[in-house]
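Chemist: Sending over a structure as structure tokens; questions will come in a sec.
The values are calculated or read from the model by the stated rules, or taken from the named source; none is laboratory data. Everything quoted here is computed from the prediction, not taken from an experiment. As a convention, Cβ positions derive from the backbone with ideal geometry for all residues, glycine included, and neighbour counts pool all protein chains shown. Surface areas here come from the heavy atoms of the whole protein model, side chains and all, with no ligands, DNA or RNA. Shrake-Rupley method; radii C 1.70, N 1.55, O 1.52, S 1.80 Å.
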Amino acid sequence: MTNYKKLTPLDAAFVQLENPNAPMHVAGLMIFELPAKAGADFVTRLVEDWRNETRIKAPWNQKLVSPSRWQLAPRLKTCHDPDLEYHVRHLFLPKPGGQRELGQLVARLHSQPMDLRKLLWECFIIEGLADNRFAIYMKFHHSMVDGISANILLMKGLSERRADNKTAPFWVHSAPEKPFQPGPLQIPSAQALMSTAANVLKLFGRDDQLTTFRSAPYTPLNGPIAAQRRFATQSFSMDRIKALARQAGVSLNDVLLCLVGGTLRRYLQRVTALPGDSLTAAIPISLRAEGDQSCGNAVGMIFSILGTHIADPVVRLQKIHQSTDLAKQQVLGLPQEMRVPYSLVSMMPSVLRMLMGVTGKTRPLFNTVVSNVPGGSEEKFLRGARLVNLYPANIVFPGMAVSFTCYSHAGTLNVGITACRDTVPHMQKLALGMEEACRELEEKLGVGEPAKAAVANAIEEAV
């Protein structure tokens, strides 16, 4: 007898939102440094071993009962005979493959919708990179994971020991079930319900301080989108970003938002399309209980300005800090049992707009998405190959042609920028603009020496 698993409403939304111009998958681009004594067949043997692996565990072995987006309650079933030749693909770049060529390939892979009749993941192992490196591009349907659970699944397939030469494939490692939380069901009080309703209503009005759905101006980045993607990356030393945060008395996320605001300001100035009001960002926040390492989505949203209307980067950073603090208070000021409902309700206007197909044709609720997934501080290895970078590739939602996603690993903050190809040309300028914004902020705050070599870390699908 087949056991079926019903998707949660949030997981199900990513199935229902799937469409050809906005496929609902996320991905990670992992770049590895080959071991010193690796043979010429290292990657080929890795692919062969992984394709021959017969063990596959949940959630890697689950597929949709019905592949259609037109269903109210999508369900999963277990696949006992997966086609690993389809899900594990071996690709080559003409040697020596540079960052530009890698970016072009990843952009094409990220543009292709997933086949929802099959398992909800695809793994592309890419060799031919310069500097004795290879890459793995791992794609997940968003109904399967959020940023934190995707990171957990990937890290389970890596080792902390360089000498470990027998690392099993990612799909051999299962994800734990959502932890059971004992205790009586908490029924919210009338006061808690009223407080939550009041906070939700604030998001629909105008407020001089709180970033609401009416705060976002229209920009060329907020029209309809097409199917093809661009992908660019940038990276920063975590010490560098933390030094800025300490000096300014703000959070690391505030600094990140300031850099995004700085690069978008420059980008829109170049095309004479910078609005007088600040662009706004939706910022995913984790709603996971402590110790929850299960798959699926457990995220809410807060909203903040990006300070694109402010020339001085220090003033921009302080205004962003004030905006994010107020947004967090909207959530953290609620009773514990109401934080998840509030966060989910705050996401519904965006979901409903996308389901109705009006996003990109009306004034945006927010201008972009800026996400930061916390990673680990320890080095990771795959059969002795060191993980150098892990760049996230996110969804481009209708009406929001560009998104910024960050992941910290072993002292490096890796930034993946995903955009609609037709709407956002010259993506390199966004990647390099983040470095320029960081230098400018360092100079104004008197912090450290700007890392000039960081410019070379930017890669892009096409200039």
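Chemist: Where the only charges are on Cβ atoms (+1 Lys, Arg; -1 Asp, Glu), what is the dipole of region 62-124 about its Cα centre, to the nearest 20 debye?
Modeler: It comes to approximately 200 debye.
Chemist: How big is the Kirkwood radius of region 5-122, worked out from every pair of different alpha carbons and given in Å to one decimal?
Modeler: One over the average 1/r among Cα pairs gives 16.7 Å for region 5-122.
Chemist: Given +1 on the Cβ of Lys and Arg, -1 on the Cβ of Asp and Glu, and no further charges, what dipole in debye does region 231-300 carry about its Cα centre, rounded to the nearest 20?
Modeler: 340 debye
Chemist: To the nearest 20 Debye, how big is the dipole of region 321-446 about its Cα centre, given +1 on the beta carbon of each Lys and Arg and -1 on that of each Asp and Glu?
Modeler: In debye, rounded to 20, region 321-446 gives about 440.
Chemist: Between LEU201 and HIS80, with labels modelled 7 Å along Cα→Cβ, what's the label distance in nm to one decimal, could you check?
Modeler: Using points 7 Å along Cα→Cβ, the separation is 5.6 nm.
Chemist: Here are some pairs, LYS361/LYS429; LYS6/LYS139; LYS77/LYS380; which of them have Cα atoms lying more than 29 Å apart in this structure?
Modeler: Result: LYS77/LYS380 exceed 29 Å.
Chemist: Looking at the chain, send over the antiparallel percent of its DSSP beta bridges, to the nearest 5.
Modeler: Percentage antiparallel, nearest 5: 80.
Chemist: State the percentage of accessible surface on the chain attributable to carbon and sulfur atoms; use a 1.4 Å probe and exclude ligands, DNA and RNA.
Modeler: Roughly 53 percent, rounded to a whole number.
Chemist: Calculated FRET efficiency, ASP312 and ALA58, Cβ-Cβ r, R0 45 Å, to nearest 0.05?
Modeler: 0.30
Chemist: Taking 0.36 nm per residue of sequence separation and subtracting the Cα-Cα distance, how much length would be gained by fully extending the chain between LYS6 and LYS328, in nm to one decimal?
Modeler: 112.8 nm
Chemist: Can you give the accessible area per residue of the chain, in Å², using a 1.4 Å probe?
Modeler: 44 Å²
Chemist: Within region 159-173, name every residue whose backbone N is under 17 Å away from a label modeled 7 Å from Cα of ARG45 along the Cβ vector.
Modeler: In region 159-173, the label zone of ARG45 (backbone N under 17 Å from the point 7 Å along Cα→Cβ) covers 162-169.
Chemist: Can you give the FRET efficiency to the nearest 0.05 for LEU72 and ALA289, using r as the Cβ-Cβ distance and R₀ = 35 Å?
Modeler: For LEU72 and ALA289, the calculated efficiency is 0.80.
Chemist: On to the next question. Starting from the 7 Å offset along Cα-to-Cβ, what nm value, one decimal, do you get for the label separation of GLN228 and ASN132?
Modeler: With each label point 7 Å from Cα toward Cβ, the separation is 3.7 nm.
Chemist: Let me ask something else. Give the residue from THR233, SER66, GLY128 lying farthest towards the positive end of the charge dipole for the chain; charges sit on Cβ (+1 for Lys and Arg, -1 for Asp and Glu) and the dipole is referred to the Cα centre.
Modeler: Final value for the positive-end residue is SER66.
Chemist: Just want to confirm a number: the relative contact order over the chain, from Cα pairs under 8 angstrom separated by 6+ residues, in percent.
Modeler: 23 percent
Chemist: In addition: So what is the calculated 222 nm ellipticity per residue for the chain, using -39500 (n - 2.57) for each DSSP H run with n of 4 or more, over all residues, to the nearest 500 deg cm²/dmol?
Modeler: Using -39500 (n - 2.57) per qualifying helix, the result is -10000 deg cm²/dmol.
Chemist: Between ARG214 and GLU379, what is the spin-label point distance in nm, taking each point 7 Å from the Cα along the Cα→C-beta axis?
Modeler: About 5.5 nm separates the two model spin labels.
Chemist: Go ahead and collect, in residue order, the members of region 120-160 whose backbone nitrogen is under 19 Å from a label point 7 Å along the Cα-Cβ direction of ASN19.
Modeler: 142-143
Chemist: While we're here: Over region 395-440, what is the relative contact order in percent, taking alpha-carbon pairs closer than 8 angstrom and at least six residues apart?
Modeler: Relative CO of region 395-440 lands at 30 percent.
Chemist: Normalise the Debye intensity by I(0) for region 191-263, one equal point scatterer per Cα, no solvent, then take log10 at q = 0.11, 0.13, 0.25 Å⁻¹ and round to two decimals.
Modeler: The Debye formula, applied to the Cα set alone, gives -0.55, -0.73, -1.08.
Chemist: Given 0.36 nm per residue, what is the gain on full extension from LYS95 to GLN269 after removing their alpha carbon distance, in nm?
Modeler: Length gained between LYS95 and GLN269: 58.9 nm.
Chemist: Quick check on region 92-235: take the gyration tensor over C-alpha atoms, sort the square-rooted eigenvalues as a ≥ b ≥ c, and tell me if it's rounded (a/c under 1.5), prolate or oblate.
Modeler: oblate
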